[in-house]
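Trainee: My questions will all concern the structure given below.
The values are calculated or read from the model by the stated rules, or taken from the named source; none is laboratory data. These figures come from a predicted structure and were not determined experimentally. Virtual Cβ from ideal backbone geometry, glycine too; neighbours counted across all protein chains shown.
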Amino acid sequence: MPVTADIPMPIQVVIDDVGWWSGRNGSADNEPYRTGIARDHVPADYQAIVDLGRATGTRPQAAMILCEWDKENILREVPTATWMGASWDNSRRVGPWMDEAAAIMREGREHVELTLHGVGHEYWGGGRFTRAEWHDGEGRMRPRDEVLKRLDCFRRILDQHRLGPFPTSFVPCAFMHRFGGGLADILRDHGVDFISTPYHSIFGLPTPRWRWFDFDGDTMTVDRPGDRFDWHQIGQLPSGEITHPTVGMHWPHVLHADPARNGETVAAWAAFLIEQGRQPGKLLARDNNEFRTQLAHHVCTTRTLRDHGLDLDVTGFDRLPRTHLSLNLAIKVTAPDKLIFTGRGMRIDAVARDRSNGSVVHTVRIQADPARSHARLEWQVDQDGFSS
Ligand SMILES: [Zn+2]
């Protein structure tokens, strides 16, 4: 069996519509779609996300909707942000479950990333809501002052529960978004420099310059495939292959109708993700920084298998805007035997080994030398390693 080596495709989980306390789809009554499940949300639903992150050694993005976390009714100041407008009253959603869930998110922050999704998810102008919060169905951004007020409210509601800092990533509500339309610039002023959303629903996006991503200004904008399940289906057990870097889902998918049994759904997702991440061509990204850098190298860094090594050329990567991109990347080398590695034009930071189907999959984390455009990873069989 020959040795194979490649820069694997990173995998990042993104979970939409986290933050509702009611699960009810209220769209027939001028209320939001919410998560569309037949029960309220409970702190155990937040624990499920953290547990998924911990079990997989990753940091799933929880794309948050925060209006039902508003315990001071500040959203009265932005009447288009909720179905109650200027008489917004969230008192029935306020209770000790908020502190409990906030503590879960704070204590679990190594294994969950808060992502900006929205405040009320839709836009209530002239009575009836239209979709969606940040752009309308024709890709027109909502008025700039409304956008700014929502971002301010999002920050203040985070502060009400000590859930900050403000996120650095964003998922547009109802995937309504315009590339180059100004929202990415406003968000970047607030520290958000990463967006994921389905390309097919983006207005104004030219043919992406890189297979799965492009840059709106300096903001990496990454494609997302359709969910594996309908948005409101609860307790879904995944199967099949992950063929795309972003694994988008909606909150109910990873929960259970009985929240005491959330762990069963989480375990199925964790097993699925781990099995996919062990494959030679894929890598579970540990966090969003690793994801964006690995994705950039997966697409842009040229690699050539030659003799007992892999030649890397980062010239294509060097042409990208460098927002949170680095020369740290992972290479997977699959061989019949345990290998040891040396690098030229790079530093080897870590080597992990995993036995799979009779071969050894080595995950080699390197940092390429920023002063050079070429690097080479070489290997040889570890003569002491047969028994390990
Ligand atoms: Zn949503």
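Trainee: Could you count how many residues in region 201-232 are over 24 Å from residue 62 (Cβ atoms) and either in contact with a His (Cβ under 7 Å, 6 or more places away or on another chain) or outside any loop (DSSP other than H, G, I, E, B) (or both)?
Mentor: The number of residues fulfilling the criteria is 4.
Trainee: Which of the residues belonging to region 222-269 are of a type in the set (A, V, I, L, M) and surrounded by 18 or more Cβ atoms within 10 Å (Cβ to Cβ)?
Mentor: Matches in region 222-269: 222, 234, 242, 247, 249, 254, 255, 266.
Trainee: Also, I was wondering about something else. How do the strands (runs of 3 or more DSSP E) wholly within region 314-388 filter down when requiring 3 or more residues that are of a type in the set (A, V, I, L, M, F, W, C) and closer than 26 Å to residue 169 by Cα: which remain?
Mentor: 328-335
Trainee: On the basis of being under 18 Å from the mean Cα position of the chain (by Cα) and of a type in the set (A, V, I, L, M, F, W, C), does residue 325 make the cut?
Mentor: Judged against the criteria, residue 325 is a match.
Trainee: What is the number of the single condition among (1) among the small types (Gly, Ala, Ser); (2) surrounded by fewer than 24 Cβ atoms within 10 Å (Cβ to Cβ); (3) within 16 Å of the ligand (Cβ to nearest atom); (4) under 25 Å from residue 290 (Cα atoms) that residue 174 does not meet?
Mentor: Among (1) among the small types (Gly, Ala, Ser); (2) surrounded by fewer than 24 Cβ atoms within 10 Å (Cβ to Cβ); (3) within 16 Å of the ligand (Cβ to nearest atom); (4) under 25 Å from residue 290 (Cα atoms), residue 174 violates only (4).
Trainee: Is it true that residue 82 is at pLDDT 95 or above, within 16 Å of the ligand (Cβ to nearest atom) and hydroxyl-bearing (Ser, Thr, Tyr)?
Mentor: When the stated conditions are applied, residue 82 passes them.
Trainee: Taking interchain pairs and intrachain pairs at least six residues apart, which have beta carbon atoms under 9 angstrom, with the first residue in region 273-284 and of a type in the set (Val, Ile, Thr) and the second in a helix (DSSP H, G or I) and surrounded by fewer than 19 Cβ atoms within 10 Å (Cβ to Cβ)?
Mentor: Partner pairs satisfying both residue conditions: 274/55.
Trainee: Please go through region 28-64 and pick out each residue that is polar (S, T, N, Q), within 15 Å of the ligand (Cβ to nearest atom) and within 13 Å of residue 255 (Cα to Cα).
Mentor: The answer is 35, and nothing else.
Trainee: From the list 124, 88, 134, 69, exactly one residue is farther than 23 Å from residue 188 by Cα and within 27 Å of the chain's Cα centre (by Cα). Which is it?
Mentor: The unique qualifying residue is 69.
Trainee: Any residue in region 243-255 that is in contact with a helix residue (DSSP H, G or I) (Cβ under 9 Å, 6 or more places away or on another chain) and either without any contact (Cβ under 8 Å) to a residue 24 or more places away in the chain or acidic (Asp, Glu) (or both)?
Mentor: Looking through region 243-255, none of the residues is in contact with a helix residue (DSSP H, G or I) (Cβ under 9 Å, 6 or more places away or on another chain) and either without any contact (Cβ under 8 Å) to a residue 24 or more places away in the chain or acidic (Asp, Glu) (or both).
Trainee: Quick check, is residue 168 in contact (Cβ under 8 Å) with a residue 40 or more places away in the chain, among the hydroxyl-bearing types (Ser, Thr, Tyr) and more than 16 Å from the ligand (Cβ to nearest atom)?
Mentor: yes
Trainee: Any idea which of 117, 111 is buried (at least 19 other Cβ atoms within 10 Å of the Cβ), within 15 Å of the ligand (Cβ to nearest atom) and at pLDDT 95 or above?
Mentor: 117
Trainee: For region 311-329, give me each residue that is among the hydrophobic types (A, V, I, L, M, F, W, C) and in contact with an Asp or Glu (Cβ under 8 Å, 6 or more places away or on another chain).
Mentor: 327
Trainee: Give me the residue from region 16-57 that is at positive phi and either free of Cβ contacts under 8 Å to residues at least 12 places away in the same chain or touching a Leu at 6+ places or on another chain (Cβ under 7 Å) (or both) and, out of that set, surrounded by the most Cβ atoms within 10 Å (Cβ to Cβ).
Mentor: 19
Trainee: Sort out which residues of region 177-209 are within 16 Å of the ligand (Cβ to nearest atom) and polar (S, T, N, Q), and write them in order of number.
Mentor: 196, 197, 201
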